[in-house]
Amino acid sequence: MGLILDEHDKIERLVLGSAFLGGGGGGDLWSAMELGKQLIGLGAIEIRSIEGLDPGSLIVTTSVVGPQSADTHVRTSLLSNLVRSVRLLENVLGEPIDGLISSEIGAMNTISPFPASIILGIPVIDAPCNGRAHPTVLMGSMGLHRLPGYVSMLSASWGRVGTPYNGQVLVKGSFEEVLSVLRSIVAIRGSVATARNPVRADYVARNAAPGSISLALDLGELISEYRYDPEDLSYRIAKRFSGTVIEDCVVVEKFSEIREGLDYGRVAVRCGDKELELVYANEYMYLESSGSIISVFPDLISTIDLSSGLPIISKDLSRGSNFNIVIISYRNLKLGSGVRYPESYDQVIKAIGRDIRAYLKELLVA
């Protein structure tokens, strides 16, 4: 028996912890909170450990893909579309799905398997593809694109059923082909709900980030307890992960647009007497001072609002936002294998215009 989430407070704490581990990404915090409220009215969510599964169990990944700025436009239909995507994929597979995993830990995507879990009776497995949020689909694909003979499958759903903007598609083929179709849909429709890449549990155990949901829930309890003292909270979180804190930061200027299907932005920040620049592509990609890199993805760079004690995702930063920055080395995070492949960074490099792989030689594999 694993975790049972059957109270709104539990889901709220999971969302809060996931939002921090999202590192600026992982989905809109308030959309996730709203989805969490809807879920409690439907039933309890069972979350099992990967260790208790038969190695041959069939596991499917769920996620919401697209720019976070589009999340607020899909709130009313998100629950049904996450269910529709899983149901369509299972029908095509011709065998039952034994477990659902999230593509990443982030406010929205941590709970993306929950609707289908409740409605279709499929347990959630505590082994997300990555233990923090990330900007590209390949980063949340556990290295399957390098598995000889593996054929990618993806089901995507969007819009409200009964309206002209409703749609659903199933794609099967090489990772390159499937990602090309997905990017085209995102470019047209914004964020879409997906179910993808069926794989056996033994592969997930070796290549995902087991225990990340439990960690996010524990972190959410810490945030819930100390959020009304954001300074103290910042240092408590940093201590837990052997991280560092940059205090009292204010947004001076912000530029943002959608690039490569991601929310891209450059944020000029003043922290005391320090002038910093924070660059994001959904997630915070790097933090620099006078051209010198302070931290770079997949290090976790998270922002904590000094007025609310809540994590702020990248799209919600605006001129005058006042926050602390908490930085945690990737070495102290739970990471899946997807972030270790150089090609997983191609899309984000195009978006930010800088090849951050030069800073990740110890992490990346050939």
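The values are calculated or read from the model by the stated rules, or taken from the named source; none is laboratory data. Just so you know, these numbers come straight off a predicted model, no measurement behind them. For neighbour counting, all protein chains shown are included, and Cβ atoms are generated from backbone atoms with ideal geometry for every residue, glycine included. The accessibility values were calculated without ligands, DNA or RNA, using every heavy atom of the protein model including side chains. Shrake-Rupley method; radii C 1.70, N 1.55, O 1.52, S 1.80 Å.
Just a few scattered comments:
- Arg357 being modelled with pLDDT of 95 or more, open to solvent by 40 Å² or more (accessible area, probe 1.4 Å), closer than 24 Å to Glu176 by Cα and in a helix (DSSP H, G or I): yes
- Put simply, of Gly162, Gly149, Gly143 the only residue that is under 23 Å from Glu343 (Cα atoms) and open to solvent by 50 Å² or more (accessible area, probe 1.4 Å) is Gly149.
- Every pair of residues 6+ apart whose Cβ atoms lie under 6 Å, when the first sits in segment 261-280 and is touching a residue at least 12 places away in the same chain (Cβ under 8 Å) and among the hydroxyl-bearing types (Ser, Thr, Tyr) while the second is part of a strand (DSSP E or B) and open to solvent by less than 10 Å² (accessible area, probe 1.4 Å): Tyr264/Ala281; Tyr280/Gly265
- Counting the residues of segment 189-215 that are over 27 Å from Leu93 (Cα atoms) and either surrounded by fewer than 24 Cβ atoms within 10 Å (Cβ to Cβ) or touching a Phe, Trp or Tyr at 6+ places or on another chain (Cβ under 8 Å) (or both) gives 3.
- Where Gly24 falls short, out of the listed (1) touching an Asp or Glu at 6+ places or on another chain (Cβ under 7 Å); (2) in a helix (DSSP H, G or I); (3) farther than 20 Å from Asp126 by Cα: (2)
- Tabulated pairs, segment 118-135, first over 17 Å from Ala107 (Cβ atoms) and modelled with pLDDT of 95 or more, second assigned to a loop (DSSP other than H, G, I, E, B) and β-branched (Val, Ile, Thr), C-beta under 7 angstrom, 6+ apart or interchain: Ile122/Ile97
- Tally of residues being among the hydrophobic types (A, V, I, L, M, F, W, C), more than 13 Å from Phe114 (Cα to Cα) and open to solvent by less than 40 Å² (accessible area, probe 1.4 Å) across segment 1-32: 5
- Residue selected from segment 258-273 under the condition modelled with pLDDT of 95 or more and of a type outside the set (Phe, Trp, Tyr), by the criterion most open to solvent (accessible area, probe 1.4 Å): Arg270
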